Amino acid sequence: MRRALWLLPILMLAGCASRTSGIRWVTTVRWSAGDSASWSQPGFDDSRWDERAFWDVPHPRRTVWIRARVRIPRNGGANPVLVAGRPWAAAVTALASHELWWDGVQVGRAGIVGRTAAEETPGPVQAEYPIPDSLAAAGTHLLALRASAFHQHFTPTSDFLRLKVGPLGALAVERRASAWAALASLSGILLGTLLAFVMFFLNRRDRASLLLGLLGVAVAVLLGAEAWRPLAGYSYDRHIVRLVTICGLTWMVGALLGAFLVTRFPRRHAGRILLGYLVALWLPLVLARSWNGKPAGVDLAAFVFAAVWTALAARARRRGAFPALAGALIAIALLVYDLRAFLDRNFFFAVDALLACLLIGHLFEWRDALAARGQALTRSARLEAEMLKRHLQPHFVMNTLTAIGGWIEEDPATAVRMIDALADEFRMLTRIADRRLIPLADELRLCRAHLDTLELRRETIYRLETTGLDEADQVPPALLHTLIENAVTHGPGGRRKVTMRLEASRAGGRLRYVFTSARGDTKDAAGEPGTGTRYVVARLREAWGDDWTMTQEAVGDAWRVAIDMPGSGT
């Protein structure tokens, strides 16, 4: 499918090239400020007028005339120039209202030319004017243009952009060729954008997929703005609106590209680097003098940033970095290959290739993440069963029931407390075991029920001191419960009172828990993690993928566990 999308615009452009043969650019013209009806006539002597390229005619501060000699060759060879039923035309692209004269006969106009702003009515930027067959004979003809431009609202680098003559059909095809290229590339971009949003809705924590989808939307809107002039057209006084829109959308595309890459391939100080990049992305818009140079400069900066960032990710062997790097290099090559025509043609294929490669690399990563999550779910389910089994093991149940039997005769109130605490703990474990995240309030109730059970069984006072907790936060089930179990199991024995501490803090949208307990006599040598630690890791991976960290270390006579995770479970 992707190959077909690439071949479609290539075939379309090849077809356009064959049909646009016969078009002749009018480059050298003579011009003069002022106004006289005689200046449209072929017999008028314009030898004293200034001669220069059409696009170098200075900004008209009042009405101006532009004259050029155009030669239509005689038919000859396999491709005749003049064919019956195939009218000739002149095509004008100018940021000015104008009238077109051919051999002294007015053949068309765009808007109303005026000697003042009040007299002038802005006309379309692009227009084709058919030339009557009686005036389109082989030979040399006079093309005269009367123009005024009082409604530009900015100072362009050139007011008169293109002047061509040729078969009317060929001129119309050439005018819309860039728009067709944009529409051809748009199909692939929209498909990729839809896929990125589907990936995001399947995993709402996948910010990279969201940014990739937004990038596709921004590119699609930008392509629409680029195709606005050749497809829909507009009066020249609105040209500045299109230029500003293109510059703003180009900056947005570059910003979203950078944000996606930084999110997709995170590095140290990535936030600061992204901020600096976004600021630097404004420089071409501010410093470039031409309106073509502004978005082209932004594109170059964005593509170079993408190439450097993905190259560093590829060097670190990050999954999906090589396709992204290939897309960035293709985009740079297309930009450098033909900078003048990049925005009109190569840009569409550059962003299409870049987005396709970004999506391919992201799909690889997404597939691996799904596989890892499936494995985490399997491990979590197995460890969950082990944890429940450990709570329900016959030795534990026998000792607990024996203790309860003794308390029923000697201390009925303690027996009732033990039964209630044990029932609460089992009830909560059963209710939350199959959930991915639970409110911190439920987790704390489970922990306190477990501590009540331990107090009665061990005749030891257990206290959990908390600081900075928000009970509405979401945590994996039995996360803190498992840390408390480990602390009791591996902690020092023989104490009448054991105090554990749980502190929470927030920074940069992250949530950090620090659990501290008394350190036992066991060695700190590294080894295989126990069932409790494996359960905690599996639950964290199931809930947050790789977006978490956990460290365990001895600090003096205490054991410290620090867990860093996203600040919200929604």
Within the stretch 160-190, tally of residues that are touching a residue at least 40 places away in the same chain (Cβ under 8 Å), more than 30 Å from ARG24 (Cβ to Cβ) and surrounded by fewer than 17 Cβ atoms within 10 Å (Cβ to Cβ): 1
From (1) outside the structural domain of VAL351 (by TED's automatic domain parsing); (2) in contact with a Pro (Cβ under 8 Å, 6 or more places away or on another chain), pick out the condition that doesn't hold for ILE246. (1)
Quick check: anything in the stretch 404-413 surrounded by 13 or more Cβ atoms within 10 Å (Cβ to Cβ), touching a Phe, Trp or Tyr at 6+ places or on another chain (Cβ under 8 Å) and farther than 30 Å from ASP564 by Cβ? no
So, in the stretch 83-129, of the ones that are among the β-branched types (Val, Ile, Thr) and either assigned to a strand (DSSP E or B) or touching an Asp or Glu at 6+ places or on another chain (Cβ under 7 Å) (or both), which residue ends up farthest from TRP291 (Cα to Cα)? VAL83
Would you mind telling me which numbered condition in (1) buried (at least 19 other Cβ atoms within 10 Å of the Cβ); (2) among the aromatic types (Phe, Trp, Tyr); (3) more than 19 Å from SER517 (Cβ to Cβ) TYR462 fails? (3)
State whether one or more residues within the stretch 417-430 are modelled with pLDDT of 65 or more, assigned to a helix (DSSP H, G or I), more than 29 Å from GLY530 (Cα to Cα) and touching a helix residue (DSSP H, G or I) at 6+ places or on another chain (Cβ under 6 Å). no
Give me a count of the residues in the stretch 259-277 that are more than 21 Å from GLY320 (Cα to Cα) and among the hydroxyl-bearing types (Ser, Thr, Tyr). 1
Flag if LEU283 is closer than 16 Å to PHE303 by Cβ and more than 13 Å from the chain's Cα centre (by Cα): yes
Need pairs with beta-carbon distance below 6 Å; first residue in contact (Cβ under 8 Å) with a residue 12 or more places away in the chain and within the stretch 137-155, second β-branched (Val, Ile, Thr) and assigned to a strand (DSSP E or B); sequence gap 6+ or separate chains. ALA138/ILE72; HIS141/VAL70; LEU143/VAL70; LEU145/ILE66; ALA147/VAL64
Would a scan of the stretch 395-411 turn up a residue that is in a helix (DSSP H, G or I), closer than 13 Å to PRO477 by Cα, modelled with pLDDT under 75 and not acidic (Asp, Glu)? no
Please pick out the residue among THR250, THR245, THR193 that is assigned to a helix (DSSP H, G or I), touching a residue at least 24 places away in the same chain (Cβ under 8 Å) and under 30 Å from ALA94 (Cα atoms). THR250
The residue from ALA504, ALA487, ALA562 that alone is assigned to a helix (DSSP H, G or I), at pLDDT 85 or above, in contact with a strand residue (DSSP E or B) (Cβ under 6 Å, 6 or more places away or on another chain) and not aromatic (Phe, Trp, Tyr) is ALA487
Out of (1) crowded, with 21+ Cβ neighbours inside 10 Å; (2) over 40 Å from the mean Cα position of the chain (by Cα); (3) within 30 Å of GLY405 (Cβ to Cβ), the one ALA478 does not meet is (2)
Among LEU480, LEU446, which is part of a helix (DSSP H, G or I) and within 25 Å of ALA415 (Cα to Cα)? LEU446
When you check THR250 against the structure, is it buried (at least 22 other Cβ atoms within 10 Å of the Cβ) and hydroxyl-bearing (Ser, Thr, Tyr), yes or no? yes
Determine whether the stretch 288-298 contains at least one residue that is within 26 Å of PHE200 (Cα to Cα), of a type in the set (A, V, I, L, M, F, W, C) and buried (at least 17 other Cβ atoms within 10 Å of the Cβ). no
Please pick out the residue among ARG289, ARG229, ARG238 that is within 30 Å of ALA127 (Cβ to Cβ) and modelled with pLDDT of 90 or more. ARG238
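The values are calculated or read from the model by the stated rules, or taken from the named source; none is laboratory data. Quick caveat: nothing in here was measured; it's all calculated off a predicted structure. Note that each Cβ is placed from the backbone with ideal geometry, even for glycine, and that neighbours are counted across all protein chains shown.
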